[in-house]
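A.B. asks: Submitted below is the structure of interest, expressed as structure tokens.
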Amino acid sequence: MSASPYPRRQFTNALALGLGGVATAVGLAFLASILWVTLGRGMAAFGPALFTKISAHGAEGGLANAILGSLLMDLMALAIAAPVGVMAGAWLAEHARSSRLGAAVRFLNDILLSAPSIVLGLFVYVAVVLPMTRWSDGAVSFSGVAGAIALALIGLPVIVRTTDEMLRLVPGAFREAALSLGIPQWKLTTQVLMRAALPGIVTGVLLALARLAGETAPLLFTAFGNPFTTLDPLDKMASLPVVIYQYTNDPSPDLHAIAWAGALLITTFVLLLGLAARGLLHRHRTSP
Amino acid sequence: MNSTLILSIAAEARERRDARHDAWFRRLLLAAALLVVLALLGAALATLWGGREVLFGQGLDFLASSRWDPVAGEFGALAPVYGTLVTSAVALVLAVPMAFGVALFLTEVAPPWLRGPVATAIELLASIPSIIYGMWGLTVFVPFMARIEPALSATLGRLPLVGALFQGPPLGLGLLTAGIVLAVMILPFIAAVMREVFSSVPRELKESARALGATTWEVAWHIVLPYTRPAVIGGIFLGLGRALGETMAVTFVLGNAFDITASLLMPGTSISSAIANEFNEAVGLHRSALLALGFLLFVVTFLVLLAARLLLRRLARREGTG
């Protein structure tokens with residue numbers, strides 16, 4: 001290569017490939033900086049008060065109510081999105097594999113996957129929060145349920161897509177064997193195919209959880225926020241991302257520190273979930 | 001004779017029952033699938049309905065006016081629309097070549113043992129919640145930008161034509177900063193698509209070019225890129241769709257100013273950050289204007305994502321037939 005008769009082309013080649021390496025390094029540097037800062041600032045404010053005190057105490061408080069609210073809403077969101085998503089994915093894989101309607105739904109699901117989450121928040125505000133306010137004469141307005149519905153809309157397309165893909169990976173021989181025994185389609189789907197694809201489907205649910213757990217925008221106008229602890233799904237509910245958002249907007253450095261501790265919690269949770277999903281998928285793929 | 005008759009009647013009854021159950025099962029699954037469609041349709045209709053006062057009451061004035069004054073009850077979408085478009089454009093200008101570089105590095109340059117870990121790390125960028133990007137942007141990146149912005153003004157700001165983009169006080173906050181943060185956020189999405197489609201290029205094509213003496217770069221630029229062009233553009237549109245709708249990351253670093261400025265160093269606003277900042281305090285016409293902005297954002301991102309998916313599908317189809 002050193003004795004190339006085309007020094008200029010070799011130079012362009014080296015330059016382009018070198019720039020590719022630089023671009024990768026810059027991307028990794030951003031990742032390292034984000035993780036490093038989150039870890040450093042988060043650890044600085046980490047302490048037991050985070051889990052025992054509530055955000056009503058401000059700088060002397062913690063995030064207990066927000067952590068509880070986030071857990072509750074995330075679980076409610078999964079309770080909505082998982083069954084609906086798995087059923088929709090099963091329909092796509094088993095009943096609409098090559099139909100026109102199936103193609104359209106698959107297409108729209110992919111769009112929902114990257115639709116702006118803030119608009120989904122507005123949707124739930126108009127479709128859930130406003131009617132609930134009207135029917136209850138203002139007794140119920142923003143609520144944990146509304147927040148969970150908004151989060152469910154974020155997680156739903158992830159579950160639909162993974163379920164669809166995972167069911168399609170189940171070999172056709174499973175279907176033929178079961179149908180030849182005279183098993184009805186619904187038993188085949190629920191008891192044979194879903195069981196075979198279970199690790200994959202669980203992966204989808206974990207990925208959906210990882211995605212919706214960090215969402216802030218759709219919660220702002222649905223669950224709103226609450227400085228106190230509540231278990232009532234019809235009450236305004238605090239969440240980790242929204243408290244972080246409010247604290248970061250606040251000029252007080254003490255609140256910033258708490259926000260960073262919360263940010264560390266969320267980031268760790270989301271990244272661990274991602275790793276777990278990846279590991280599960282890997283085991284599923286490599287097992288015979 | 002009699003017993004076989006009874007058996008066959010029983011079997012027939014069971015078959016009919018199974019068929020009925022299957023039909024119900026199928027309808028249930030279909031209903032779940034239609035919920036996906038309903039979610040998209042609902043988002044469009046709900047924001048359209050919520051924003052009707054402004055959308056139909058002011059019509060084109062809403063789109064053409066740059067005055068946003070909640071106290072006077074005047075709402076023009078131009079400033080947030082401008083901010084959304086400019087930040088997304090900055091993000092694309094930076095993220096597309098970077099993503100190409102990353103994909104090139106991961107498919108052609110890096111030794112195989114390095115590819116997996118680096119690809120995973122780049123993908124991690126996509127799983128970090130956007131609020132973390134916002135906090136990091138505000139506490140780390142904004143001060144950094146404030147330090148280098150005087151240098152930008154002194155160098156790029158002197159250039160003809162593009163110079164005007166880099167004039168202004170070194171605030172750190174602003175359209176450029178938001179654009180860069182967005183670029184980092186959408187980089188993994190574009191890079192993942194590029195990497196995937198680059199490795200789908202038939203070996204024969206690449207090896208033929210190699211045999212004719214093409215360098216790695218020439219293979220990438222003249223063979224790989226043209227072959228995968230629709231999908232690459234699809235990936236770029238996918239990133240654009242993300243950038244347009246991103247809220248939390250830009251809200252912190254944009255500065256929240258309803259101005260339209262030529263300079264990228266000045267603070268601005270965007271559709272999503274205007275909604276996030278003002279919605280909970282807004283009533284009446286103000287709220288309607290924000291919902292109308294949401295409708296605009298939804299329609300634009302829908303069209304961009306639609307184009308993205310259609311382009312991505314084109315390559316998949318060619319692969320299927322080829």
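The values are calculated or read from the model by the stated rules, or taken from the named source; none is laboratory data. As the structure is a computational prediction, the values presented were derived from the model and not from experiment. In this analysis, Cβ positions are derived from the backbone assuming ideal geometry, glycine residues included, and neighbour counts consider all displayed protein chains.
A.B. asks: Test of understanding: among B:13, B:46, B:32, which residue is over 26 Å from residue A:96 (Cα atoms), outside the structural domain of residue B:285 (by TED's automatic domain parsing) and touching a Phe, Trp or Tyr at 6+ places or on another chain (Cβ under 7 Å)? Lay out the reasoning, then the answer.
C.D. replies: On the way: B:13 fails: touching a Phe, Trp or Tyr at 6+ places or on another chain (Cβ under 7 Å); B:32 fails: over 26 Å from residue A:96 (Cα atoms).
Testing whether each residue is over 26 Å from residue A:96 (Cα atoms), outside the structural domain of residue B:285 (by TED's automatic domain parsing) and touching a Phe, Trp or Tyr at 6+ places or on another chain (Cβ under 7 Å) leaves just B:46.
A.B. asks: A further question on this structure: Output the residues belonging to the stretch B:90-116 that are closer than 21 Å to residue B:254 by Cβ and exposed (fewer than 15 other Cβ atoms within 10 Å of the Cβ).
C.D. replies: Across the stretch B:90-116, the qualifying residue is only B:93.
Each row is one residue, and each column tells you yes or no for (1) facing another protein chain (nearest Cβ under 10 Å); (2) within 16 Å of the chain's Cα centre (by Cα).
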residue: A:57; (1), (2): no, no
residue: A:60; (1), (2): no, no
residue: A:70; (1), (2): no, yes
residue: A:78; (1), (2): no, yes
residue: A:96; (1), (2): yes, no
residue: A:101; (1), (2): yes, no
residue: A:107; (1), (2): yes, no
residue: A:114; (1), (2): yes, yes
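A.B. asks: So, in the stretch B:72-129, of the ones that are in contact with a Leu (Cβ under 8 Å, 6 or more places away or on another chain) and of a type in the set (Ser, Thr, Tyr), which residue ends up modelled with the lowest pLDDT?
C.D. replies: Here the answer is B:127.
A.B. asks: Here are B:231, B:276: which of them is more than 9 Å from chain A (Cβ to nearest Cβ), among the small types (Gly, Ala, Ser) and part of a helix (DSSP H, G or I)?
C.D. replies: Working: B:276 fails: more than 9 Å from chain A (Cβ to nearest Cβ).
Just a single option satisfies the conditions, and that option is B:231.
A.B. asks: OK, next. When the residues of the stretch B:207-216 are narrowed to those that are outside any helix (DSSP H, G or I) and within 12 Å of chain A (Cβ to nearest Cβ), which ends up surrounded by the fewest Cβ atoms within 10 Å (Cβ to Cβ)? Step through it out loud before you land on a result.
C.D. replies: Taking the stretch B:207-216 as the starting set, the residues that turn out to be outside any helix (DSSP H, G or I) are B:212-215.
Okay, now just the ones that are also within 12 Å of chain A (Cβ to nearest Cβ), so B:213-215.
On the way: B:213: 11, B:214: 18, B:215: 21.
Applying the filter and picking the extreme gives B:213.
A.B. asks: Still on this structure, I have one more. Do we find a residue being more than 30 Å from residue A:56 (Cβ to Cβ), in contact with a Pro (Cβ under 7 Å, 6 or more places away or on another chain) and in the same structural domain as residue A:158 (by TED's automatic domain parsing) anywhere in the stretch A:217-236? It would help to see each step written out before you state the result.
C.D. replies: If we filter the stretch A:217-236 for residues that are more than 30 Å from residue A:56 (Cβ to Cβ), which is where we start, we get none.
No, every residue in the stretch A:217-236 fails to be more than 30 Å from residue A:56 (Cβ to Cβ), in contact with a Pro (Cβ under 7 Å, 6 or more places away or on another chain) and in the same structural domain as residue A:158 (by TED's automatic domain parsing).
A.B. asks: I've got another one for you. Would you mind telling me which numbered condition in (1) crowded, with 22+ Cβ neighbours inside 10 Å; (2) over 29 Å from residue A:210 (Cβ atoms); (3) without any contact (Cβ under 8 Å) to a residue 40 or more places away in the chain residue B:150 fails?
C.D. replies: (1)
Listed here are the residues, each with its yes/no results for (1) more than 24 Å from residue B:184 (Cα to Cα); (2) surrounded by 20 or more Cβ atoms within 10 Å (Cβ to Cβ); (3) among the hydrophobic types (A, V, I, L, M, F, W, C); (4) in contact with a Pro (Cβ under 8 Å, 6 or more places away or on another chain).
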| site | (1), (2), (3), (4) |
| --- | --- |
| B:218 | yes, no, no, no |
| B:238 | no, yes, yes, no |
| B:245 | no, yes, no, yes |
| B:262 | no, no, yes, no |
| B:275 | no, yes, yes, no |
| B:281 | yes, no, no, no |
| B:288 | yes, yes, no, no |
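A.B. asks: State yes or no: is residue A:197 at pLDDT below 95, surrounded by fewer than 18 Cβ atoms within 10 Å (Cβ to Cβ) and assigned by TED's automatic domain parsing to the domain that holds residue A:90? Can you show your working first?
C.D. replies: Numbers: at pLDDT below 95: yes; surrounded by fewer than 18 Cβ atoms within 10 Å (Cβ to Cβ): no; assigned by TED's automatic domain parsing to the domain that holds residue A:90: yes.
So residue A:197 fails the test.
A.B. asks: Ok, one more. For the stretch B:147-156, indicate whether the set of residues that are on the phi < 0 side of the Ramachandran plot and touching a Lys or Arg at 6+ places or on another chain (Cβ under 9 Å) is non-empty. Outline the logic, then answer.
C.D. replies: Pass one, the stretch B:147-156, residues on the phi < 0 side of the Ramachandran plot: B:147-156.
Going one step further and asking which of them are touching a Lys or Arg at 6+ places or on another chain (Cβ under 9 Å), we end up with none.
Checking the stretch B:147-156: not a single residue is on the phi < 0 side of the Ramachandran plot and touching a Lys or Arg at 6+ places or on another chain (Cβ under 9 Å).
A.B. asks: Quick check: anything in the stretch B:125-146 assigned to a helix (DSSP H, G or I), away from every other protein chain (no Cβ under 14 Å) and out of contact with any Phe, Trp or Tyr (no Cβ under 6 Å at 6 or more places or on another chain)? Break it down into steps so the answer makes sense when it comes.
C.D. replies: At the first step, the residues of the stretch B:125-146 found to be assigned to a helix (DSSP H, G or I) are B:125-127, B:130-146.
This time we only want the ones that are away from every other protein chain (no Cβ under 14 Å), so: B:146.
Among the residues that remain, those that are also out of contact with any Phe, Trp or Tyr (no Cβ under 6 Å at 6 or more places or on another chain) are: B:146.
Looking through the stretch B:125-146, at least one residue is assigned to a helix (DSSP H, G or I), away from every other protein chain (no Cβ under 14 Å) and out of contact with any Phe, Trp or Tyr (no Cβ under 6 Å at 6 or more places or on another chain).
A.B. asks: Moving on. Which one of B:86, B:81 is touching a residue at least 60 places away in the same chain (Cβ under 8 Å), in the same structural domain as residue B:255 (by TED's automatic domain parsing) and more than 20 Å from residue B:279 (Cα to Cα)? Walk me through how you get there before you give the answer.
C.D. replies: On the way: B:81 fails: more than 20 Å from residue B:279 (Cα to Cα).
None of the other options fit; the residue is B:86.
A.B. asks: What single numbered condition from (1) buried (at least 21 other Cβ atoms within 10 Å of the Cβ); (2) of a type in the set (A, V, I, L, M, F, W, C); (3) assigned to a helix (DSSP H, G or I) fails to hold for residue A:280?
C.D. replies: For residue A:280, the exception is condition (1).
A.B. asks: Can you give me the ranges of the helices (runs of 4 or more DSSP H) entirely in the stretch A:171-277 with at least 2 residues that are more than 25 Å from residue A:125 (Cα to Cα) and in contact (Cβ under 8 Å) with a residue 60 or more places away in the chain? Don't jump to the end; show me each part of the working.
C.D. replies: Values: elements: A:172-180, A:198-213, A:217-220, A:240-249.
The qualifying helices (runs of 4 or more DSSP H) are A:198-213.
A.B. asks: In the stretch A:1-45, what residues are touching a residue at least 40 places away in the same chain (Cβ under 8 Å), out of contact with any helix residue (DSSP H, G or I) (no Cβ under 6 Å at 6 or more places or on another chain) and within 10 Å of another protein chain (Cβ to nearest Cβ)?
C.D. replies: A:35
A.B. asks: Another question about this same structure. What are the residues in the stretch B:1-50 that are facing chain A (nearest Cβ under 9 Å), within 26 Å of the chain's Cα centre (by Cα) and either more than 30 Å from residue A:190 (Cβ to Cβ) or acidic (Asp, Glu) (or both), if any?
C.D. replies: The answer is B:43, B:44, B:45, B:46, B:47, B:49, B:50.
A.B. asks: Here's something else I'd like to know. How about the stretch A:130-158: which of its residues are touching a residue at least 12 places away in the same chain (Cβ under 8 Å), aliphatic (A, V, I, L, M) and over 19 Å from residue A:70 (Cβ atoms)?
C.D. replies: Of all residues in the stretch A:130-158, those touching a residue at least 12 places away in the same chain (Cβ under 8 Å) come to A:132, A:140-158.
Narrowing further to those that are aliphatic (A, V, I, L, M): A:132, A:140, A:145-146, A:148-154, A:156, A:158.
Within the stretch A:130-158, A:132, A:140 meet the criteria.
A.B. asks: Let me ask something else about it. Go over the candidates B:247, B:215, B:261 one by one and state the one that is among the polar types (S, T, N, Q), assigned by TED's automatic domain parsing to the domain that holds residue B:178 and free of Cβ contacts under 8 Å to residues at least 60 places away in the same chain. If you could, list the steps in order and put the result at the bottom.
C.D. replies: Values: B:247 fails: free of Cβ contacts under 8 Å to residues at least 60 places away in the same chain; B:261 fails: free of Cβ contacts under 8 Å to residues at least 60 places away in the same chain.
After ruling out the rest, the residue left standing is B:215.
A.B. asks: Can you name the condition, by its number, that residue B:141 falls short on among (1) at pLDDT 90 or above; (2) surrounded by 19 or more Cβ atoms within 10 Å (Cβ to Cβ); (3) touching a Leu at 6+ places or on another chain (Cβ under 9 Å)?
C.D. replies: Against the list (1) at pLDDT 90 or above; (2) surrounded by 19 or more Cβ atoms within 10 Å (Cβ to Cβ); (3) touching a Leu at 6+ places or on another chain (Cβ under 9 Å), residue B:141 comes up short only on (3).
A.B. asks: Being surrounded by fewer than 24 Cβ atoms within 10 Å (Cβ to Cβ) and within 12 Å of chain B (Cβ to nearest Cβ) narrows it down to one of A:248, A:222, A:230, so name that one. Write out each step before concluding.
C.D. replies: Numbers: A:222 fails: surrounded by fewer than 24 Cβ atoms within 10 Å (Cβ to Cβ); A:230 fails: within 12 Å of chain B (Cβ to nearest Cβ).
On inspection, the qualifying residue turns out to be A:248.
A.B. asks: Looking for something in the same structural domain as residue B:220 (by TED's automatic domain parsing), at pLDDT below 90 and not in a helix (DSSP H, G or I) - is there at least one such residue anywhere in the stretch B:300-314?
C.D. replies: no
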